[in-house]
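Structure first, commentary second.
The values are calculated or read from the model by the stated rules, or taken from the named source; none is laboratory data. Because the structure is predicted, anything quoted here is derived from the model rather than measured. A quick note on method: Cβ atoms are made from the backbone with ideal geometry, for glycine too, and the neighbour counts reach across all protein chains shown.
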């Protein structure tokens, strides 16, 4: 299970980079706003699956080197929905900008997860 969780971490990194790029492009070009929501939903599925894999690994006895790993995992899971709630009533371009920033923050948190792994 730990190997699958490690591979999932790479999938989360790739998904967050893709989301940050899509949201930044939508913000700059001011078109394709529907892609931001779809990309964000896809990334949330990947992150939720990763958190689930981590939970199963934890229940199976595989513990992270630092307990802070668990907090960072929850922070990554909550970063995009929290940012989305702040920008819920903003125009689509501004919402995409907030999503780009949230993806970048989640990307940094994910990198930190690797360090606490």
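Could you tell me whether residue 79 is over 20 Å from residue 116 (Cβ atoms) and in contact with a helix residue (DSSP H, G or I) (Cβ under 9 Å, 6 or more places away or on another chain)? Judged against the criteria, residue 79 is not a match. Taking each residue of segment 32-60 that is within 10 Å of residue 19 (Cβ to Cβ) and looking for partners that are surrounded by fewer than 17 Cβ atoms within 10 Å (Cβ to Cβ) with beta-carbon atoms closer than 6 Å, six or more apart or interchain, yields 46/11. Residue count for segment 88-108 under the criterion of being free of Cβ contacts under 8 Å to residues at least 24 places away in the same chain and buried (at least 18 other Cβ atoms within 10 Å of the Cβ): the result is 2. Going by the conditions given, is residue 73 surrounded by 15 or more Cβ atoms within 10 Å (Cβ to Cβ) and free of Cβ contacts under 8 Å to residues at least 60 places away in the same chain? For residue 73, the condition - surrounded by 15 or more Cβ atoms within 10 Å (Cβ to Cβ) and free of Cβ contacts under 8 Å to residues at least 60 places away in the same chain - is met. For residue 10, the test of being closer than 28 Å to residue 117 by Cβ, surrounded by fewer than 17 Cβ atoms within 10 Å (Cβ to Cβ), out of contact with any strand residue (DSSP E or B) (no Cβ under 6 Å at 6 or more places or on another chain) and touching a residue at least 60 places away in the same chain (Cβ under 8 Å) is failed. Those residues that are surrounded by 15 or more Cβ atoms within 10 Å (Cβ to Cβ) and at pLDDT 90 or above, I need them from segment 19-42; list them, please. Within segment 19-42, 19, 20, 22, 23, 24, 25, 26, 27, 39, 40 qualify.
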